[in-house]
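Here is the structure we will look at, set down as structure tokens.
What follows is calculated from the coordinates using simple rules that are stated; it is not laboratory data. No experiment lies behind these values; they were computed from the predicted model shown. For neighbour counting, all protein chains shown are included, and Cβ atoms are generated from backbone atoms with ideal geometry for every residue, glycine included.
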Amino acid sequence: MPLEIIEKIEVKRLQIINERGEADPELIPSVSDEEITRCFEAMILARVFNQRALSLQREGRIGTYASILGQEASQVGSARAFSDDDWLFPSFRESGVLVAKGYPMWMLYRYWAGDERGMKCPEGLNIFPMSVPVGTHVPHAMGAAWAMKLKGHRKAAGVYFGDGGSSKGDFHEGLNFAGVFKAPVVFLCQNNQWAISVPRSSQTAAKTIAQKASAHGFEGIQVDGNDVAAVYKATKDALEKAKNNGGPTLIECFTYRLDDHTTSDDASRYRSKEEVEAWRAKEPLLRLRLYLEKIGKWTKGYEESVTKKAEESVDAEIKKAEAFPPPDPADLIRYTYAELTLRQKKEMKESGWGS
Amino acid sequence: MGKLNIVGAINSALFEEMGRDSDVIIIGEDVGRDGGVFRVTEGLLERFGPDRVIDTPLSELGIIGAAVGLAAYGMKPVAEIQFMGFLYAGLEQIFSHAARIRSRSRGRFSVPMVIRTPYGIGIKPPELHSESSEALFCHMPGIKVVVPSTPYNAKGLLKSAIRDPDTVLFMEPSRLYRSIKADVPDGDYVVPLGRASILQEGKDLTVVSWGTMLHKAAEAAEGFDAEIIDLMTLKPFDEEAILTSVKKTGRLVIVHEAPRIAGFGAEVAALVAEEAIEYLKAPILRVAGFEAVVPMARLEDFYMPSLERIKKAYERVMRY
């Protein structure tokens, strides 16, 4: 009996707006000009938020921070595709997602300054506290999506993790469950090419991360992560599929981390300036500016006014964050369980807290 | 009222809770058609259907990780892990997520799930099927740890665990699953978490134990005027019951099968040392597992605290 091929895997890549700001004429109508403009403005806001966070860290006003520079399209484009009813499970490098969803920026600054109250997601949004251990939140999104399906709610969950996270067992176990139970979940890999100092090529021998979905029985797609239109469309399509009982999708956003891993890292120890500069030339705002100009939606004055507005809003949020009263020490015990245990009551009393 | 063993009592708790609350679902390996490797979930699939009694892939991390998301969204997952040794694959999900989501989100999200797992030696299974790792979980704030010892409290405690708003690890003594039959009320009743039960009152000596070892500790107490406390919930544990008893008897022996070093007995002993040392007439003794890996069948009987070892401890404290 000759060998026969019993399964073939195809991995598609989506790009709508290229690095020169040229849009694919067949694909671009699927994302409205209005949406692209909103994305552009949210990306500027995310960049300003990020820049200010880096400055605050240098001034000792917040702690260690993970920059999103270069990943604004991957984050904003995907986040905007979700509705507020959907549930999101971010990692620690997702400021762009949170800002795009309207998560109060002052709370994010509080969080990065070491105040857990910043992760108390406001009502109206369903965003889980960012996962600090890498990739371990992938099954949570699957579980929430599974619950939506079991309860007959027409919603979806989305989970953000990086190329490093795709090496974790949690990633595979989460994807496997999602495939088996056809859960309405979108797995958003932010492949920014580096897991601290380890390059993507050392993370997996596979050509793409997108293809890892195939082994779990559903579709994976790679998108140009610096093309906000492609990221938005791929996420919208995945959500449409998820909410129509079509099951999960893995989207690999192919992007680049232009900054250090965190403010505690020095990326010059492990990657070349040339590489970073080559990617800087492909960063997502450049092409979007060119595209918007082509369709008559961009002028220097417009961008300046968007930036100014973003800066004013971020500055006001920082002010709010820094004026916020310090946390009650009792908080560190209070939320461990739904109710205080007798031992905890004793500990609070002995410490003179929460009277 | 009917006579049930612990398997039947847990099964009955699951039946009743699933009937009472449509958000309660069972997930795990072989929990559906097979009824679980110990048959604890037998009949539930037929009664509640495949959307509520769900066989999952063979993936302990996946089961617990998905249960975190299920619970956070509003389901009440009761996850079965076939043996306690296999729970280790899910430790990060429990320690880094389930235990701290409420705190990390300052109360916005919580993980009200139950993880059921058989624990302990005594059934001569393969390796890693006999772990008794309660202390690991008791050390981690944010989860509760429950160990039933009788059909009556197994049913009542599991019902409380399912209704509890936090993550509960429910450790089922596999050795006792079918070895004790006792009266269990048919209808709804709960045994509250966090409270110990006095199995037997006594004046000379307080014995604290739980799960499988409780029965050995009680058997060894024949001939002693011992007060025997079944702790039942290890986290949060009933400090008051222990202190009240020790203040009366002046002597304390703790019996557990888990290794002695940093075992939960150390916590009980430290509590008494801190809060009631002036009442003690004798040193606090622990009868516990050795500083050794849990053995396979041939050495099992040497590992488990024997009646003789327990009696010796009772005799020793009585010499003071």
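State the antiparallel share, in %, of DSSP beta bridges confined to chain B, rounding to the nearest 5.
Antiparallel bridges: around 20 percent, rounded to the nearest 5.
Hey, what angle do you get for helix B:151-163 against the long axis of chain B, alpha-carbon based, 0 to 90 degrees rounded to 10?
It is inclined by approximately 50 degrees.
Compute the distance from the alpha-carbon center of region B:228-294 to that of region A:61-114, in whole Å.
Here the two parts' Cα centres lie 48 Å apart.
Going by amide H atoms built from the backbone, whose H comes under 5 Å of the H on B:I25, apart from near neighbours?
It is B:K76, B:V78, by chain and number.
I'd like the Kirkwood hydrodynamic radius of the protein assembly as shown, using the inverse of the mean 1/r over distinct C-alpha pairs, in Å.
One over the average 1/r among Cα pairs gives 27.2 Å for the protein assembly as shown.
Near A:K294, which lysines are there with a Cα under 21 Å away, not counting those fewer than 8 places off in the same chain?
Within reach: A:K233, A:K282.
Taking Cα centroids, how far is region B:174-200 from region A:187-255 in Å?
Distance between centres, Cα-based: 50 Å.
Starting from the Cα of A:K120, draw a straight line to each of the aspartates and glutamates and keep only those under 19 Å, dropping any in the same chain fewer than 8 residues away.
Answer for A:K120, where 19 Å is the Cα cut-off: A:D84, A:D85, A:D86, A:E94, A:E317, A:E322, A:D328, A:D331, A:E339, B:D166, listed by chain and number.
Among B:T41, A:T299, A:T263, B:T117, which comes first, second and so on when ranked by fewest other beta-carbon atoms within 10 Å?
Result, fewest neighbours first: A:T299, A:T263, B:T117, B:T41.
Round to the nearest 10 and give me the degree value, 0 to 90, for the angle of helix B:264-275's Cα axis relative to the longest principal axis of chain B.
The helix B:264-275 is inclined about 50 degrees to chain B.
For chain B, set up a GNM with springs between Cα atoms under 10 Å and report which of B:G187, B:G90, B:G28 has the largest fluctuation.
B:G187
Once both axes come from the Cα atoms, what is the angle between helix B:6-20 and the longest principal axis of chain B, in degrees from 0 to 90, rounded to 10?
40
Using each residue's phi in region B:26-36, evaluate 6.51 cos²θ - 1.76 cosθ + 1.60 at θ = phi - 60° and report the 3J(HN,Hα) Karplus result to the nearest Hz, with x for Gly and Pro.
10, 10, x, 8, 6, 7, x, 4, 7, x, x
Just want the ordering: A:C121, B:C138, A:C189, from fewest to most Cβ atoms lying within 10 Å of their own Cβ.
B:C138, A:C121, A:C189
What FRET efficiency comes out for A:A205 versus B:K181 if R0 is 60 angstrom and r is the Cβ-Cβ distance? Round to the nearest 0.05.
Rounded to the nearest 0.05, the efficiency is 0.60.
Count the DSSP beta bridges whose two residues both fall in region A:84-229, then state the antiparallel fraction as a percent rounded to the nearest 5.
15
Taking each residue of A:148-156 in turn, how many C-beta atoms of other protein chains fall within 10 Å of its C-beta, and what is the average?
That works out to 3 on average.
Whole Å is fine, so just give me how far the alpha carbon centre of region A:152-171 lies from that of region A:263-289.
26
Go ahead and set up a Gaussian network model of chain A, Cα springs under 10 Å, then flag whichever of A:T249, A:T136, A:T204 fluctuates most.
Ranking A:T249, A:T136, A:T204 by mean-square fluctuation puts A:T204 first.
Could you list, in their original order, any pairs among A:K101/A:K320; B:K181/B:K311; A:K12/A:K241; B:K124/B:K216; A:K349/B:K144 whose Cα atoms are separated by more than 24 Å?
B:K181/B:K311, as the Cα separations exceed 24 Å there.
How high is the FRET efficiency between A:K297 and B:L128 when r is their beta carbon distance and R₀ equals 60 Å, given to the nearest 0.05?
Calculated value: 0.45.
Using a Förster distance of 56 angstrom, determine the FRET efficiency expected from the C-beta separation of A:S313 and A:E350, and round it to 0.05.
After rounding to 0.05, the efficiency reads 0.80.
For peptide A:132-141, how many partner chain Cβ atoms fall within 10 Å of a residue's Cβ, on average?
6
Report relative contact order for chain B in percent, whole number only (criteria: Cα-Cα under 8 Å, sequence separation at least 6).
With pairs under 8 Å counted, the relative contact order is 16 percent.
In straight Cα distance, which aspartates and glutamates are under 19 Å from A:K273, not counting same-chain residues fewer than 8 positions off?
A:D259, A:D260, A:D265, A:E283
Using the 10 angstrom Cβ neighbour count as an exposure proxy, how do B:E127, B:E17, A:E252 rank, fewest first?
Ranked by crowding around the Cβ, least crowded first: B:E127, B:E17, A:E252.
Once you keep just the Cα pairs under 8 angstrom separated by 6 or more residues, what percentage relative contact order results for chain A?
Computed over chain A, the figure is 23 percent.
To the nearest whole number, what is the average tally of beta carbon atoms from other chains within 10 Å of the beta carbons of peptide A:333-345?
Taking all residues of A:333-345 together, the mean is 6.
Just the ratio, please: alpha-carbon radius of gyration of chain A over 2.2 N^0.38 Å, N its number of residues.
1.03
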